[in-house]
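For reference, the structure is listed below as structure tokens.
The values are calculated or read from the model by the stated rules, or taken from the named source; none is laboratory data. This is a predicted model, so every value here is computed, not measured. Glycine also receives a Cβ, built like all others from the backbone with ideal geometry; neighbour counts cover every protein chain displayed. Note: areas computed on protein heavy atoms with side chains; ligands, DNA, RNA excluded. Shrake-Rupley method; radii C 1.70, N 1.55, O 1.52, S 1.80 Å.
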Amino acid sequence: MALRQIRVEGDPILRKRSRDVEKIDKRLLELLEDMVETMRAANGIGLAAPQVGVLKRVIVIDVGEKPIKAINPIIVEKDGAIKDIEGCLSVPQMRGTVERPERIKVTFMNEDGDHLVMEPTGYLARVFCHEIDHLDGILYTDLATDIYDEAQEDDEE
């Protein structure tokens with residue numbers, strides 16, 4: 001396992017659409033492990049492959065249980081709407097208000113090649129949507145109704 005460099009806003013790879021994963025092999029499994037390690041080292045809760053310079057449709061999420069490793073994730077249903085504050089490892093020190101679905105249904109393969117269906121709600125649904133957006137070259141700043149610098153907020157307190 002290795003820590004990978006997280007690409008930041010302005011890097012053109014973050015604006016490209018990722019390719020579907022055709023096969024699960026040793027390289028892909030290493031990528032997934034590296035992504036989990038990189039996400040945790042950066043104190044993140046989600047990471048998409050383009051954020052580490054790889055244009056594959058792969059995301060990892062860890063909101064406190066065991067990490068979810070999703071290959072070729074697709075949101076097949078959305079319901080409701082909630083506005084909340086988001087940040088991103090690729091847009092350091094910035095936050096913004098983004099409207100996301102309250103509930104989604106997402107299909108994906110896990111690292112064993114099993115096809116799974118999840119119906120996350122609330123926070124986990126938000127993280128899935130955020131990370132899947134990365135696979136399509138979308139940053140939360142494209143969707144945010146307002147964006148602010150965390151450092152400025154800290155200075156004002």
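If you scan region 17-42, which residues turn out to be in contact with a Pro (Cβ under 8 Å, 6 or more places away or on another chain) and loosely packed, with under 13 Cβ neighbours inside 10 Å?
Passing the criteria: none in range.
List every residue pair whose Cβ atoms sit under 8 Å apart, with the two residues 6 or more apart in sequence or on different chains, where the first one lies in region 122-139 and is within 11 Å of CYS88 (Cβ to Cβ) and assigned to a loop (DSSP other than H, G, I, E, B) and the second, anywhere, is open to solvent by less than 20 Å² (accessible area, probe 1.4 Å) and among the polar types (S, T, N, Q).
Close Cβ pairs (under 8 Å, with a partner that is open to solvent by less than 20 Å² (accessible area, probe 1.4 Å) and among the polar types (S, T, N, Q)) amount to LEU139/SER90.
Which count do you get for residues in region 32-67 that are free of Cβ contacts under 8 Å to residues at least 12 places away in the same chain and over 15 Å from CYS88 (Cβ atoms)?
Here the count works out to 3.
Restricting attention to region 75-126, which residues are among the polar types (S, T, N, Q) and open to solvent by 50 Å² or more (accessible area, probe 1.4 Å)?
GLN93, THR121
Taking the options LEU139, LEU135, LEU55, name whichever one is touching a Cys at 6+ places or on another chain (Cβ under 7 Å) and open to solvent by less than 40 Å² (accessible area, probe 1.4 Å).
Sole residue among the options that is touching a Cys at 6+ places or on another chain (Cβ under 7 Å) and open to solvent by less than 40 Å² (accessible area, probe 1.4 Å): LEU139.
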